[in-house]
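Trainee: Input: one structure, supplied below.
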Amino acid sequence: MKVRKAVIPAAGLGTRFLPATKAMAKEMLPIVDKPTIQFIVEEALNSGIEDILIVTGKAKRPIEDHFDANLELEMSLKEKNKTDLLKLVEETTDVNLHFIRQSHPKGLGHAVLQAKAFVGNEPFVVMLGDDLMQGKVPLSKQLMEDYEKTHASTIAVMKVPHEDTSKYGIINPDGQVEDGLYNVNSFVEKPEPEVAPSDLAIIGRYLLTPEIFSILENLAPGAGDEIQLTDAIDILNKTQRVFAREFRGKRYDVGDKFGFMQTSIEYGLAHPQIKDDLTDYIIKLGNELSKKRQLTETKTRKTDTKEK
């Protein structure tokens, strides 16, 4: 069966970006001039996905507005002959999007469960908005290509520093079927480094078969007293194979402040309108910071010499 549908959970409270997210959807924070969620939707479309469900929550109405038509704006751009800007605006409306509310934030597994009626009896992709992926082939497309061969659920993973395993779901691999595609013994949610079975961490892309829903419906809360998708996948793996695809492209983590700033800078350095000015600014700023550091070190050495 062809994979046609994607689910994007976007109901989180965005507490790591307070106060900005007090009244604004975290997924609408821009990377230069594009909201983070638009990158996710574009990956889905570039992968061949036909229907997308976004699971939202309170204060998430701007997401719906972003992908809706704005007739007043479009008319103004037409009248002013700003065709390039008009094209950018129209691109965000030419998408087959659906929305559903997650009334209570009970974890990622619970958010995915809200998509049961939308998905039906089809395989589907889950795409998390905190992870932006860059690669020759979109990561969701890689998972879809794996499904065409295996007809099984496949989870995207990536090697992380061993000391960071407690931040991720981690797989216990059982050899490779082919280069980069792993059999999996088990999935472990956020293990401490001393007991982590590998350094292969689950990142924000999943291709799942619909059997996951019956597991989620009967799953007890796990880590953080939430319905954990990783726990459901581990149970699924006991009745039907679940593979793991190692992602070897570039992953940008926009889920925390430092990762968001890194992503903004790197995308800015590639943006055709600002890349030259931003490059010059960063070089100038780097030189100024270097001079300040040298001055501080010189003052420190003089102080130490006097004290001696």
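Trainee: Only one of Lys116, Lys106, Lys60 is of a type in the set (Lys, Arg), in contact with a helix residue (DSSP H, G or I) (Cβ under 6 Å, 6 or more places away or on another chain) and in contact (Cβ under 8 Å) with a residue 24 or more places away in the chain; which?
Mentor: After ruling out the rest, the residue left standing is Lys116.
Trainee: Return the total of residues in the stretch 63-77 being more than 30 Å from Pro123 (Cβ to Cβ), outside any loop (DSSP other than H, G, I, E, B) and either touching a Pro at 6+ places or on another chain (Cβ under 9 Å) or in contact (Cβ under 8 Å) with a residue 12 or more places away in the chain (or both).
Mentor: 3
Trainee: For the stretch 23-57, give me each residue that is without any contact (Cβ under 8 Å) to a residue 40 or more places away in the chain and among the small types (Gly, Ala, Ser).
Mentor: Ala23, Ala25, listed by residue number.
Trainee: Then there is this: Starting from residues that are touching a strand residue (DSSP E or B) at 6+ places or on another chain (Cβ under 8 Å) and assigned to a loop (DSSP other than H, G, I, E, B), keep the ones in the stretch 118-140 and report whichever is nearest to Thr209 (Cα to Cα).
Mentor: Pro123
Trainee: Sticking with this one: Being in a loop (DSSP other than H, G, I, E, B) and within 10 Å of Val7 (Cβ to Cβ) is the filter here; which residues of the stretch 93-117 pass it? Working first, answer last.
Mentor: Let us first name the residues in the stretch 93-117 that are in a loop (DSSP other than H, G, I, E, B), namely 93-96, 102-107, 114-115.
Passing the criteria: Gln114, Ala115.
Trainee: Can we say Ile265 is assigned to a helix (DSSP H, G or I), surrounded by fewer than 18 Cβ atoms within 10 Å (Cβ to Cβ) and in contact (Cβ under 8 Å) with a residue 12 or more places away in the chain?
Mentor: So Ile265 fits the description; yes.
Trainee: Could I ask something else about it? Can you tell me which residue among Leu128, Leu86, Leu132, Leu77 is out of contact with any helix residue (DSSP H, G or I) (no Cβ under 6 Å at 6 or more places or on another chain) and closer than 22 Å to Pro35 by Cα? Spell out the reasoning first.
Mentor: Working: Leu86 fails: out of contact with any helix residue (DSSP H, G or I) (no Cβ under 6 Å at 6 or more places or on another chain); Leu132 fails: out of contact with any helix residue (DSSP H, G or I) (no Cβ under 6 Å at 6 or more places or on another chain); Leu77 fails: out of contact with any helix residue (DSSP H, G or I) (no Cβ under 6 Å at 6 or more places or on another chain).
Among Leu128, Leu86, Leu132, Leu77, only Leu128 is out of contact with any helix residue (DSSP H, G or I) (no Cβ under 6 Å at 6 or more places or on another chain) and closer than 22 Å to Pro35 by Cα.
Trainee: Restricted to the stretch 200-230, and to residues that are among the small types (Gly, Ala, Ser) and not in a helix (DSSP H, G or I), which residue is surrounded by the fewest Cβ atoms within 10 Å (Cβ to Cβ)?
Mentor: Result: Ala220.
Trainee: Hey, Val177 hits all of (1) within 29 Å of Ile100 (Cβ to Cβ); (2) of a type in the set (A, V, I, L, M, F, W, C); (3) in contact (Cβ under 8 Å) with a residue 60 or more places away in the chain but one; which does it fall short on?
Mentor: Checking Val177 against (1) within 29 Å of Ile100 (Cβ to Cβ); (2) of a type in the set (A, V, I, L, M, F, W, C); (3) in contact (Cβ under 8 Å) with a residue 60 or more places away in the chain, the one that fails is (1).
Trainee: Looking at the stretch 65-76, can you tell me whether even one residue there is surrounded by fewer than 21 Cβ atoms within 10 Å (Cβ to Cβ) and in contact with a strand residue (DSSP E or B) (Cβ under 7 Å, 6 or more places away or on another chain)? Steps first, please.
Mentor: At the first step, the residues of the stretch 65-76 found to be surrounded by fewer than 21 Cβ atoms within 10 Å (Cβ to Cβ) are 65-76.
Right, trim to in contact with a strand residue (DSSP E or B) (Cβ under 7 Å, 6 or more places away or on another chain) and you get 66-67.
Yes, the stretch 65-76 contains at least one residue that is surrounded by fewer than 21 Cβ atoms within 10 Å (Cβ to Cβ) and in contact with a strand residue (DSSP E or B) (Cβ under 7 Å, 6 or more places away or on another chain).
Trainee: For the subset of the stretch 32-47 comprising residues that are part of a helix (DSSP H, G or I) and among the hydrophobic types (A, V, I, L, M, F, W, C), which member is farthest from His98 (Cα to Cα)?
Mentor: Here the residue is Phe39.
Trainee: Give me the pairs: first residue in the stretch 78-92 and part of a helix (DSSP H, G or I), second residue of a type in the set (S, T, N, Q), beta-carbon distance under 8 Å, and six or more apart or on different chains, which are they?
Mentor: Correct list of pairs: Val89/Asn70.
Trainee: Under 6 Å by Cβ, and 6 or more places apart or on different chains, what pairs join a residue from the stretch 231-256 that is in contact (Cβ under 8 Å) with a residue 12 or more places away in the chain and part of a helix (DSSP H, G or I) with one that is among the hydroxyl-bearing types (Ser, Thr, Tyr) and surrounded by fewer than 21 Cβ atoms within 10 Å (Cβ to Cβ)?
Mentor: Cβ pairs passing all conditions: Asp234/Ser186.
Trainee: Taking the residues in the stretch 78-111 that are among the basic types (Lys, Arg) and surrounded by 13 or more Cβ atoms within 10 Å (Cβ to Cβ) as candidates, determine which candidate is nearest to Lys60 (Cα to Cα).
Mentor: Lys106
Trainee: Now for a separate question. What number goes with the only condition from (1) free of Cβ contacts under 8 Å to residues at least 60 places away in the same chain; (2) of a type outside the set (S, T, N, Q); (3) out of contact with any Phe, Trp or Tyr (no Cβ under 6 Å at 6 or more places or on another chain) that Phe213 does not pass?
Mentor: Condition (1) is where Phe213 drops out.
Trainee: Do we have Met144 as modelled with pLDDT of 95 or more, part of a helix (DSSP H, G or I) and either at negative phi or in contact with a helix residue (DSSP H, G or I) (Cβ under 8 Å, 6 or more places away or on another chain) (or both) here?
Mentor: yes
The values are calculated or read from the model by the stated rules, or taken from the named source; none is laboratory data. Quantities reported herein were computed from a predicted structural model and do not represent experimental measurements. Methodologically, a virtual Cβ is constructed for each residue, glycine included, from the backbone with ideal geometry; neighbour enumeration extends over all protein chains shown.
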